[in-house]
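A.B. asks: Before I ask anything, here is the structure I am working with.
Coordinate-derived values only; no laboratory data. The structure displayed is predicted, hence computed values, not measured ones. We place every Cβ from the backbone using ideal geometry, glycine too, and count neighbours over all the protein chains shown.
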């Protein structure tokens, strides 16, 4: 059985749900694999950051951090196995060096089947496009091993930069992208796939 | 300085008089997102004008994802990068090299996670030999491009300032939690992670308030906190201003000129232990009158910002001319520069970098190390927002830094 993993009630301000994607378009799916010991982050961080702690300033090495929070082999294997049994060829399943992510370049048809999602192109009033879905589901035995999947319900395509300029005579006008003066132009997660999108 | 902020104004405001001595051991990083990038001729113009005896200064550039020559993207905006670097670099003096972490494919969740993958690899990158090989970082040479793509080959800087952000409503709780945990990992490694609190008062980034459904909209009425400022593992920096006709020797107020410094209470993250006393004191002594339906009034959620610095009237060289820039974009690099100098002093006496600072700055040991801001507010969502009050408040946090006192506390 599948269970609901994430859901968004509506698109953020300025975005509207537009067209359906071609079933052959490619979506670079990324599965955030659940990490070990993440629930103890407060404890570990306070241990080295609270001035009265005997370990104050005894910071960890990158290797220690990586080892402590690395996902379990069980999580990696379970997700990998599910993808293979869902018809994704092993050579298309990539584990990142941090072992924190599994990447699959899936067609829209595959992604919608894997996640029981309806992927759409969302259009911003400025004309920018972003691929997302309103919700997605995962098999019940997979869900505990996955923090989340992207691109799905997030609208990070417009990172805002909190700066502004003056109405002083020396005014430097930020280009009006129609999304407020603090929005940085960004690249959609499916950048490079414009050809497929056009199809 | 009430009309134009320069590096000298900031030094006077926060009593910053320090010449770095541990520059080869120390590091300061500023995050930028392509196509936003700095312009070298503007950097030089700023240096010639504001740094005595210096005609040229340039950061190291650590490119992430693709090795694109991003230094001179014509036609792309560079206000942000010019501002961040001109002040971040000038305040730490020309002796301390500043590194830009340039995310090259834009500012998406993918890019962020690719970047942190570079820091925490469990395979090649975790190899202590590889990390040791890079021990000389971050001074590989002027403007040398370093690839962060191969995990673990670059050590994160001791202080990293980012003047970009989202609102909580833009991303899911699960994604926010994961990103926040990555900052926690950086803190474990001794990295101080700073984020601008945002410029839209209680509305969060983009001037969009929330509907009751949680969706951001221009017509919503519910406060929309800024992310990652609400992540309890980062330090959120708000903005202040010098009032008209006031001098650097008089108290600042919350920034209400052109922008409103963002602050408030998270809808995602619980209140961390380190700020419980300060925030609950605020909620008890100055309870906001807004109905619980428009803000998280539970008294159990992460509150921000943590501290603040001036964010109004910054003189910035842009396209060969000086302009005035406003925002928490300005205040975060300034706090980053101050903390970098404190790290310098600590390294000089054999101590480690300060790392995640929130448990320290909220502690009683640091009492008096900040200039309390008690005037101003952060309007938004059709409200007057929260007020600046004595003690911590959700507009300016603990206040602005008093550099000598902070230095003294961190050297004890």
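A.B. asks: Can you tell me the length gained on complete extension of the stretch residue B:321 to residue B:48, counting 0.36 nm per residue apart and subtracting the Cα distance? Walk me through the intermediate numbers first.
C.D. replies: Numbers: separation 273, 0.36 × 273 = 98.28 nm, distance 1.29 nm.
Gain on stretching residue B:321 to residue B:48: 97.0 nm.
A.B. asks: Going 7 Å from the Cα of residue A:10 toward and past its Cβ, which residues in segment B:200-232 have a backbone nitrogen under 13 Å from where you end up?
C.D. replies: Within reach of a label on residue A:10, which here means backbone N under 13 Å from a point 7 Å along Cα→Cβ, segment B:200-232 contributes B:209-222.
A.B. asks: Along the Cα→Cβ direction, 7 angstrom out, place labels at residue B:173 and residue A:92. What is the inter-label distance in nm?
C.D. replies: 3.3
A.B. asks: Starting from the Cα gyration tensor of segment B:12-64, take the square roots of the eigenvalues, sort them a ≥ b ≥ c, and report rounded, prolate or oblate (rounded when a/c is under 1.5, otherwise prolate if a/b is larger than b/c, else oblate).
C.D. replies: Note, shape of segment B:12-64 comes out oblate.
A.B. asks: When the Debye formula is applied to the Cα atoms of segment A:69-158, each taken as the same point scatterer, what base-10 log of I(q)/I(0) results at q = 0.16, 0.19, 0.23 Å⁻¹?
C.D. replies: Result of the Debye calculation: -0.70, -0.95, -1.26.
A.B. asks: Follow-up question, since we're still on this one. Expected output is a single nm value to one decimal: the length gained when fully extending between residue A:23 and residue A:52, i.e. 0.36 nm times separation in residues minus the C-alpha distance. What is it?
C.D. replies: 4.6 nm
A.B. asks: Points 7 angstrom from Cα along the Cβ direction at residue B:12 and residue B:245: gap in nanometres?
C.D. replies: 1.8
A.B. asks: Still on this structure: Classify segment B:207-361 as rounded, prolate or oblate, taking a ≥ b ≥ c as the square roots of the eigenvalues of its Cα gyration tensor: rounded when a/c is under 1.5, otherwise prolate if a/b is larger than b/c and oblate if not.
C.D. replies: Numbers: a/c = 1.84, a/b = 1.22, b/c = 1.50.
Cα axes put segment B:207-361 in the oblate bin.
A.B. asks: Let me make sure I get this right: for segment B:270-368, a, b and c are the square roots of the gyration tensor eigenvalues over alpha carbons, sorted descending. Under 1.5 in a/c it's rounded, otherwise prolate if a/b > b/c, else oblate. Which is it?
C.D. replies: Details: a/c = 3.05, a/b = 1.26, b/c = 2.43.
Oblate, since a/c reaches 1.5 and b/c is not below a/b.
A.B. asks: Work out the FRET efficiency for residue B:372 and residue A:113 from their Cβ-Cβ distance, taking R0 = 60 Å, and round it to the nearest 0.05.
C.D. replies: Values: r = 58 Å, r/R0 = 0.96.
Between residue B:372 and residue A:113 the formula returns 0.55.
A.B. asks: How far apart, in nm, are the 7 Å Cα→Cβ label points at residue A:72 and residue B:408?
C.D. replies: 5.2
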